[in-house]
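Undergrad: Dropping a structure here in structure tokens format, bear with me for questions.
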Amino acid sequence: MSNSREKILSKIRQALTSKVPVPFEGSSSSENIFFAPTEELEIEFAENFTKLQGRFCFCNSFEEVVANINELTEARKWSKLFCIENSIKERLNALGCSNLTTTDLKDCDASITTCESLVARTGSILLSSASESGRTVSVYAPIHICIATTSQLVYDIKDSLKQISTKYGNKLPSLISLATGPSRTADIEKTLVVGVHGPREVFCFLIDS
């Protein structure tokens, strides 16, 4: 074993057996770093969400959501909209949502889900595996449509995590993820590519409630 490796392992063993003082004691704090603006959270979320290439639509009712989805379906010539969440699937069907399917995620044009919350400061959608959609629906389809209500808006990620912790207690979902706009990367020659590891478009229909 080389001397340098032995020194590293020795330092690791020492760190595991002896407490190391925190170098910056004042760095850990429960105080908020970011403070909510005076404008409404709906506006803050919409502005930040659209800056990240998200497509936002504010609706007064669920009926208006369905009308907008049907317009999109016709304009984009979608033939399959995947949705398995009973909480919204039955309402979508009852209001005549076009081309809805529950059996073909692989070949669908877009997927429809709900979410845990919306984070206004970052324009993010918090999703979890606890929903009926599970882990894959929001990322597998080429287009993700999220239906949310104004009551699900929080200002910061910290507030969103606190909310989900209160909701599930010791039975947290096995997956909690933040979707911040369409999937994108600039790893290849610093060229931005959208839709690499997830949907290339994300729609959020926010219902006033």
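The values are calculated or read from the model by the stated rules, or taken from the named source; none is laboratory data. Because the structure is predicted, anything quoted here is derived from the model rather than measured. Please note: Cβ atoms are built from the backbone with ideal geometry, for glycine as well, and neighbour counts cover all protein chains shown.
Undergrad: Only one of these is aliphatic (A, V, I, L, M) and more than 13 Å from the chain's Cα centre (by Cα): Ile147, Ile143. Name it. Walk me through how you get there before you give the answer.
TA: Values: Ile147 fails: more than 13 Å from the chain's Cα centre (by Cα).
The match here is Ile143.
Undergrad: Hey, among Lys190, Lys158, Lys167, which residue is at pLDDT 90 or above, over 18 Å from Ser87 (Cβ atoms) and out of contact with any Leu (no Cβ under 9 Å at 6 or more places or on another chain)?
TA: Working: Lys190 fails: at pLDDT 90 or above; Lys167 fails: over 18 Å from Ser87 (Cβ atoms).
Lys158 is the lone residue from the list that is at pLDDT 90 or above, over 18 Å from Ser87 (Cβ atoms) and out of contact with any Leu (no Cβ under 9 Å at 6 or more places or on another chain).
Undergrad: Return the residue satisfying two criteria in turn: it lies in region 87-125 and is part of a loop (DSSP other than H, G, I, E, B), in contact with a helix residue (DSSP H, G or I) (Cβ under 9 Å, 6 or more places away or on another chain) and among the polar types (S, T, N, Q), and of such residues it is surrounded by the fewest Cβ atoms within 10 Å (Cβ to Cβ).
TA: At the first step, the residues of region 87-125 found to be part of a loop (DSSP other than H, G, I, E, B) are 95-99, 102-109, 114-116, 120-123.
Remaining after also requiring in contact with a helix residue (DSSP H, G or I) (Cβ under 9 Å, 6 or more places away or on another chain): 95-99, 102, 105-106, 108-109, 114-116, 120-123.
Checking the rest, the ones that are also among the polar types (S, T, N, Q) come to 98-99, 102, 114, 122.
On the way: Ser98: 15, Asn99: 17, Thr102: 12, Thr114: 19, Thr122: 20.
The qualifying residue surrounded by the fewest Cβ atoms within 10 Å (Cβ to Cβ) is Thr102.
Undergrad: Report the residue count in region 64-106 for those that are under 16 Å from Cys204 (Cα atoms) and touching a Cys at 6+ places or on another chain (Cβ under 9 Å).
TA: The qualifying residues number 12.
Undergrad: Oh, and also: Just the residues that are under 24 Å from Ser128 (Cβ atoms) and buried (at least 17 other Cβ atoms within 10 Å of the Cβ), please, taken from region 64-86.
TA: The first filter runs over region 64-86 and keeps only residues under 24 Å from Ser128 (Cβ atoms), leaving 65, 69, 81-86.
Matches in region 64-86: Val65, Ile69, Leu81, Phe82, Cys83, Ile84, Glu85.
Undergrad: Next question, about the same structure. Looking at this structure, is Ser30 assigned to a helix (DSSP H, G or I), modelled with pLDDT under 95 and farther than 17 Å from Pro199 by Cα? Outline the logic, then answer.
TA: Numbers: assigned to a helix (DSSP H, G or I): no; modelled with pLDDT under 95: yes; farther than 17 Å from Pro199 by Cα: yes.
So Ser30 fails the test.
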